[in-house]
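A short write-up of the structure that comes next.
The values are calculated or read from the model by the stated rules, or taken from the named source; none is laboratory data. Note that this is a predicted model, so its numbers are computed, not measured. So basically every Cβ, Gly included, is an ideal-geometry build from the backbone, and we count neighbours across all protein chains shown.
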Amino acid sequence: MKWMKNLKDYVPPSFVVERDDYRCIRCKACVEQCSFDATFYDEEEDKVWNWNANCVGCNRCVAICPTEAIVVRRAEPSYRYNHNWNGHIDSLKKRAMFGGTPVVSMGNDRPYPIYWDHLLLNASQVTNPSIDPLREPMELKTFLGRKPRALELTDSGLKTKITPQLELEVPIMFAAMSYGALSYNVIEALGRAAKEVGTYYNSGEGGLNKDHYKFKGNIIVQVASGRFGVHKDYLDVGSAIEIKIGQGAKPGIGGHLPGEKVSETISETRMMPKGSDAISPAPHHDVYSIEDLRQLIYALKEATEYKKPVAVKIAAVHNVAAIASGIARAGADIIVLDGFKGGTGAAPQVIRDNVGLPIELALAVVDERLRQEGIRQDVSIVIGGGVRNSMDVVKAIALGADAVYIGTAALIAIGCTMCQQCHTGRCAWGISTQDPHLGKRVNPEIASKRLINLLEVWALEIKETMGAMGINSIESLRGNRLNLRGVGLTEKELEILGVLPAGE
Ligand code: SF4
Ligand code: SF4
């Protein structure tokens with residue numbers, strides 16, 4: 001019996017489910033909907049019970065209960081308080097019990113500084129008056145790709161050859177999240193929303209289900225070290241190709257899709273056996289230097305007849321500025337920087353929580369370095385990994401980004417409650433699962449509408465804020481750090497961010 005556990009293995013539950021027995025009408029909706037077996041119905045007693053140890057705090061039962069009979073509370077650890085060891089006791093026990101390193105999902109949840117919250121925006125007063133976006137045009141259109149250093153014109157028009165660009169109606173795209181990590185319906189929703197809004201979603205490293213070729217024109221396809229699902233048609237469907245070298249949530253290691261999530265269709269899409277773990281190696285086996293990366297960039301350009309921009313995605317790490325400079329010189333059209341708060345479907349906890357850099361600092365140093373070297377126009381900068389709201393977008397663009405990727409924020413818009421159980425494949429909200437029954441919990445029509453709402457509201461908020469600054473185009477905001485001031489930051493942090501302290 002599952003409750004007859006060896007006491008030495010006891011780990012206190014993280015959550016406590018409280019059910020008001022008077023309000024409960026025994027409809028068993030919570031029993032049927034809980035994908036973690038945290039609740040069960042006892043026929044003899046005609047009562048619904050909880051198995052708190054299994055509760056992950058996804059709150060599906062709370063949302064589904066028709067009589068509001070359930071409350072889920074975070075459980076206080078029952079161990080004696082110890083500043084040094086609290087939080088480490090369970091972690092040590094789990095390693096000792098299972099003999100393996102814990103795999104976790106979503107982003108780094110440790111209390112590192114969030115620099116977005118230490119940056120304040122400017123507003124116009126009297127001179128350079130503010131602009132009302134309801135009455136005057138505001139331009140959010142963004143082009144990603146290499147820009148010419150100068151334009152040459154002839155009598156008949158433009159002589160300068162413009163390299164392929166991605167055209168975005170809003171400077172926000174959906175980050176790389178693979179089919180496999182996410183359910184079919186979520187990918188469908190991302191594709192529909194990207195098409196409707198005029199932006200892009202990223203296939204991630206899992207290939208592309210043929211059903212989703214219909215989103216051609218709004219897809220960025222990824223080429224990662226595992227090369228899952230990479231073939232000529234796949235490259236042709238993408239509007240841009242993104243080489244994934246690293247990911248913010250797990251810099252320095254490869255990707256991992258647990259075998260439980262490799263269903264029949266995932267195995268077809270990824271071109272790999274059903275049920276086996278999809279592990280992409282840490283390095284690309286043909287990239288050990290910037291010269292090798294250059295060869296891969298040009299191989300992909302050649303394969304797609306130089307019709308698509310090629311992006312290179314790296315995790316934000318200590319020497320990110322020098323790496324970005326090398327990537328720009330290797331011929332990439334777009335550099336994607338992924339901060340350590342970025343989400344993941346599965347990563348070793350030690351890596352997720354201890355490796356990488358905050359995206360704000362990485363962005364500031366990369367933009368500065370590329371400007372100093374006079375190569376900033378050769379490459380666009382896209383950032384991701386911890387963009388939570390429209391003001392993070394505005395601050396990112398003022399710090400030097402051309403556009404941002406959102407992943408976790410998009411999943412939350414669809415219904416994710418950040419329970420961090422994506423790696424189990426049992427997502428109660430039908431988002432990060434390949435279980436066909438769970439996957440049906442996402443209605444792609446409703447989910448895409450919610451994503452569209454999110455992007456439209458963010459676009460409106462960005463326009464309002466730009467208007468308040470007296471700026472009417474995203475181009476004028478880009479890299480305009482004079483519109484930022486820092487609060488509660490050290491002199492060194494201000495120097496790295498390239499912003500003045502509030503009051504100056
Ligand atoms: S969903 Fe609510 S009413 Fe239905 S069995 Fe669970 S607690 Fe009772
Ligand atoms: S996607 Fe699902 S499993 Fe992952 S954190 Fe969100 S609700 Fe939890």
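Taking region 264-321 as the region of interest, how many residues are touching a Ser or Thr at 6+ places or on another chain (Cβ under 6 Å) and under 29 Å from Phe340 (Cβ atoms)?
3
Among the residues of region 33-43, write down those that are under 14 Å from Gly57 (Cα atoms) and in contact with a strand residue (DSSP E or B) (Cβ under 7 Å, 6 or more places away or on another chain).
Restricting attention to region 33-43, the residues satisfying the condition of being under 14 Å from Gly57 (Cα atoms) are 33-39.
Within region 33-43, Ala38, Thr39 qualify.
Mind telling me which of the residues Gly342, Gly400 ends up being closer than 22 Å to Ala278 by Cα and either free of Cβ contacts under 8 Å to residues at least 24 places away in the same chain or not hydrophobic (A, V, I, L, M, F, W, C) (or both)?
Working: Gly400 fails: closer than 22 Å to Ala278 by Cα.
Unique residue meeting the criteria: Gly342.
Can you pull out the residues in region 177-208 that are assigned to a loop (DSSP other than H, G, I, E, B) and either among the charged types (D, E, K, R) or under 27 Å from Val287 (Cβ atoms) (or both)?
Those that are assigned to a loop (DSSP other than H, G, I, E, B) and either among the charged types (D, E, K, R) or under 27 Å from Val287 (Cβ atoms) (or both): Met177, Ser178, Gly180, Ala181, Tyr200, Ser203, Gly207, Leu208.
With buried (at least 18 other Cβ atoms within 10 Å of the Cβ), in contact (Cβ under 8 Å) with a residue 60 or more places away in the chain and within 32 Å of the chain's Cα centre (by Cα) as the only criterion, which of Arg74, Arg60 stands out?
Sole residue among the options that is buried (at least 18 other Cβ atoms within 10 Å of the Cβ), in contact (Cβ under 8 Å) with a residue 60 or more places away in the chain and within 32 Å of the chain's Cα centre (by Cα): Arg60.
Could you check Val499 against (1) within 18 Å of Ala403 (Cβ to Cβ); (2) buried (at least 21 other Cβ atoms within 10 Å of the Cβ); (3) in contact with a strand residue (DSSP E or B) (Cβ under 6 Å, 6 or more places away or on another chain) and say which number it fails?
(1)
Here is a check on your reading of the model: is Cys55 in contact (Cβ under 8 Å) with a residue 12 or more places away in the chain, within 11 Å of ligand 1 (Cβ to nearest atom), of a type outside the set (Lys, Arg) and outside the structural domain of Gln420 (by TED's automatic domain parsing)?
no
Can you name every one of the helices (runs of 4 or more DSSP H) wholly within region 354-436 that holds 3 or more residues which are within 16 Å of ligand 2 (Cβ to nearest atom)?
The helices (runs of 4 or more DSSP H) meeting that bar are 408-414.
Could you check, for region 370-378, whether at least one of its residues is aliphatic (A, V, I, L, M) and either within 14 Å of the chain's Cα centre (by Cα) or closer than 30 Å to Glu260 by Cα (or both)?
No, there is no match, as no residue in region 370-378 is aliphatic (A, V, I, L, M) and either within 14 Å of the chain's Cα centre (by Cα) or closer than 30 Å to Glu260 by Cα (or both).
Residue by residue through region 336-370, note down the ones that are surrounded by fewer than 24 Cβ atoms within 10 Å (Cβ to Cβ), among the β-branched types (Val, Ile, Thr) and closer than 17 Å to Gly400 by Cα.
Listed by number, the list holds a single entry, Val365.
Among the listed residues Leu451, Leu455, Leu438, identify the single one that is more than 16 Å from ligand 1 (Cβ to nearest atom), of a type outside the set (Ser, Thr, Tyr) and within 18 Å of Cys61 (Cα to Cα).
Leu438
Which of the numbered conditions does Met106 fail, given that it passes all the others? Conditions: (1) in the same structural domain as Lys28 (by TED's automatic domain parsing); (2) away from ligand 1 (no atom under 16 Å from the Cβ); (3) in contact (Cβ under 8 Å) with a residue 60 or more places away in the chain.
It is condition (1) that Met106 fails.
In region 21-32, what residues are in contact with a strand residue (DSSP E or B) (Cβ under 9 Å, 6 or more places away or on another chain) and more than 8 Å from ligand 1 (Cβ to nearest atom)?
Asp21
From the list Gly252, Gly217, Gly275, exactly one residue is surrounded by fewer than 23 Cβ atoms within 10 Å (Cβ to Cβ), in a loop (DSSP other than H, G, I, E, B) and either at pLDDT 95 or above or touching a Phe, Trp or Tyr at 6+ places or on another chain (Cβ under 6 Å) (or both). Which is it?
Selected residue: Gly217, the only one of Gly252, Gly217, Gly275 that is surrounded by fewer than 23 Cβ atoms within 10 Å (Cβ to Cβ), in a loop (DSSP other than H, G, I, E, B) and either at pLDDT 95 or above or touching a Phe, Trp or Tyr at 6+ places or on another chain (Cβ under 6 Å) (or both).
Could you please find all residues in region 371-407 being of a type in the set (D, E, K, R) and in contact with a Phe, Trp or Tyr (Cβ under 7 Å, 6 or more places away or on another chain)?
Of everything in region 371-407, those that are of a type in the set (D, E, K, R) and in contact with a Phe, Trp or Tyr (Cβ under 7 Å, 6 or more places away or on another chain) turn out to be Asp392, Lys395.
Let's see how each residue does on (1) closer than 20 Å to Pro171 by Cβ; (2) not hydrophobic (A, V, I, L, M, F, W, C):
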site	(1), (2)
Asp333	yes, yes
Val336	yes, no
Gly342	yes, yes
Ala347	no, no
Gln372	no, yes
Val379	yes, no
Val382	yes, no
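Taking the stated definitions as given, is Glu242 among the acidic types (Asp, Glu), assigned by TED's automatic domain parsing to the domain that holds Ser380 and modelled with pLDDT of 95 or more?
Yes, satisfied.
May I ask you to verify whether Asp292 is out of contact with any Cys (no Cβ under 8 Å at 6 or more places or on another chain) and surrounded by 22 or more Cβ atoms within 10 Å (Cβ to Cβ)?
No, not satisfied.
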